[in-house]
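Input: a single structure, listed below in C-alpha cells.
What follows is calculated from the coordinates using simple rules that are stated; it is not laboratory data. Computed from a prediction, not measured in an experiment: that's the story for all the values here. Positions of Cβ are generated from backbone atoms using ideal geometry, with glycine treated the same way; all protein chains shown enter the neighbour counts.
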Amino acid sequence: MSDVLRSVRLTGSMFFLVEATTPWMTQAPAANTFAGAVLPGAQHLISYHVVTGGSCWGGLAGQHPEPLSAGDVLVVPHGDRYFLAAPPDAATTYDDEEAVSFFRRMAAGELPTVVNEGGTGPDRTQVICGFLGCDVRPFNPIVAALPPVIHLRRAAGPGDRLSSLIDFAVAELRERRPGGRDVLLRLSELMFVEVLRCHIARSADAPDGWIAGLRDPLVARALALLHDRPAQQWNLASLAASVNTSRSTLSERFARFVGQPPMRYLTCWRMQVATRMLSDRRAKVRAVAEAVGYASEAAFSRAFKKHTGASATDSRRG
C-alpha cells in the first residue's frame with residue numbers, strides 16, 4: 001500500500017472544520033467540477049468526513065442517507081456527489097456554483113478553517129472535512145478497489161490511532177499557529193491513510209479485490225515482489241518459484257483476488273512507476289525504461305504509449 005500511495009502522489013488540498021446547528025445541509029457536486037479549482041493538476045479528488053461531535057446523516061446524492069455518530073467516517077473515493085445533513089431531509093441553502101466558489105476560496109486560504117453552518121435549532125454537530133488529490137492514471141489499484149462510499153464506524157480502544165489524529169486536527173484547526181496550513185494538509189493525508197488502514201482491517205470478509213489480495217499470504221508475497229523489483233525480468237514461472245507455489249496455483253489465486261493475471265498486473269505497475277518518474281522533466285526516457293524492466297527505449301516507448309495513450313516524451317513534458 002505504501003508503494004502505491006507514494007507512486008500516485010497523494011496530496012492534501014483542503015482541510016477544515018464545520019460546526020453546524022440544526023437544521024443544516026452541506027452538499028458537494030461531482031469532484032471533477034471543482035478539482036481543478038482546489039488542486040490544479042490533480043487527476044482525481046477524494047473526500048472524507050469525520051464526525052467529531054454530535055450526529056448527522058450523510059451519503060451519496062440520490063441514495064438513502066446513513067446515520068453518522070461521533071467518531072464515524074464517511075469517505076467518497078470516486079468523486080460522486082454527496083451530502084451531510086441534520087435532519088436528513090434538511091433543505092440546502094446554496095447551489096453547485098456557490099459550492100465550487102467556497103471550495104476555491106477555502107483551498108486558497110481565503111476563509112477561516114472553522115466554518116459555521118445551519119439554523120438556530122438545539123442540536124449541534126462538528127465535522128472535519130478533508131480533501132486529497134491523487135493520480136488514478138495509468139494505474140491506482142487502491143482507489144479502483146474501493147466502493148463508491150465507505151462508512152467507517154468508530155472503533156475506540158487499544159491501538160485507536162485515528163482518535164489521536166482527530167484530537168490533534170481539531171486543536172490545530174481552532175488555533176492559528178505558524179505553519180498551520182502545511183500541518184493541516186499533512187494531517188489530512190495522515191488521517192486518510194489511517195482510514196484506509198482501518199477499512200482494510202475491517203474488510204476481512206471481502207471475497208476478492210486488490211485489498212483482499214493483501215490479506216492472502218500467497219498473493220501478498222507475489223505483489224510485494226512485483227512492487228519491490230519492477231525491473232526484474234519476471235515471468236509466471238519465476239514469480240511462482242519465488243513464492244513457493246505452482247504456476248497454475250499462483251495464476252488462479254492472483255487473478256481471483258486481483259482481477260488480472262500477474263504479468264498484466266506487472267505491466268500496469270511498471271507504467272505507473274514510469275509515469276511517476278517521468279513527472280521529473282529531467283528524467284531520461286532510457287533511464288526510466290531500464291528502471292522498469294525494458295531492455296530498450298523503443299520497446300518501453302511502444303508499451304507506454306499502448307498502455308497510457310501518450311508517448312513517454314509527451315508525458316514527461318506534461
Exercise. Relative contact order (percent) for the chain, with alpha-carbon contacts under 8 angstrom and 6 or more residues of separation?
Worked result: 20 percent
Problem set entry | Burial ordering of 129, 56, 268, fewest other beta-carbon atoms within 10 Å first | 268, 129, 56
Exercise. Looking only at 63, 260, 43, which one moves most when the chain is put into a Gaussian network model with springs between Cα atoms under 10 Å?
Worked result: 63
Exercise. Net charge near residue 30, counting Lys/Arg +1 and Asp/Glu -1 over other residues with Cβ under 11 Å of its Cβ?
Worked result: -1
Seminar exercise, completed: One would report the Cα pair-distance distribution of the stretch 160-200, bin width 5 Å, in %, as 6, 24, 32, 20, 11, 5, 2
Exercise. Going toward the positive end of the dipole of the chain, with +1 on Lys and Arg Cβ and -1 on Asp and Glu Cβ, which of 239, 214, 198 do you reach last?
Worked result: 239
For this session: Work out which trypsin sites (Lys or Arg not before Pro) in the chain are exposed loop sites (DSSP not H, G, I, E or B, at most 10 other Cβ within 10 Å) and give the longest gap free of them.
Result: 1-175
For this session: Please report how far the C-alpha centroid of the stretch 285-318 lies from that of the stretch 222-257, rounded to the nearest whole angstrom.
Result: 23 Å
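In debye, nearest 20, what is the charge dipole magnitude of the chain about its Cα centre with +1 on Lys and Arg Cβ and -1 on Asp and Glu Cβ, if you could check?
1680 debye
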Exercise. On alpha-carbon atoms, Rg over Rh for the stretch 1-143 using Kirkwood Rh?
Worked result: 0.97
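What share of the DSSP beta bridges in the chain is antiparallel, in percent to the nearest 5?
Antiparallel: roughly 90 percent of the beta bridges in the chain.
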Exercise. What does the charge count near residue 54 come to, summing +1 for each Lys or Arg and -1 for each Asp or Glu among other residues with Cβ under 15 Å from its Cβ?
Worked result: -2
Exercise. Using the alpha-carbon centroid of each, what span in Å lies between the stretch 44-96 and the stretch 109-173?
Worked result: 11 Å
Seminar exercise, completed: Net charge near residue 135 (other residues with Cβ under 9 Å of its Cβ; Lys, Arg +1; Asp, Glu -1) is +3
Problem set entry | Most positive-pole-ward Cα, 44, 248, 71, against dipole of the chain from beta carbon charges | 248
Exercise. Hey, what's the Cα Rg ratio for the stretch 210-317 versus the globular rule of thumb, 2.2 N^0.38 Å?
Worked result: 1.13
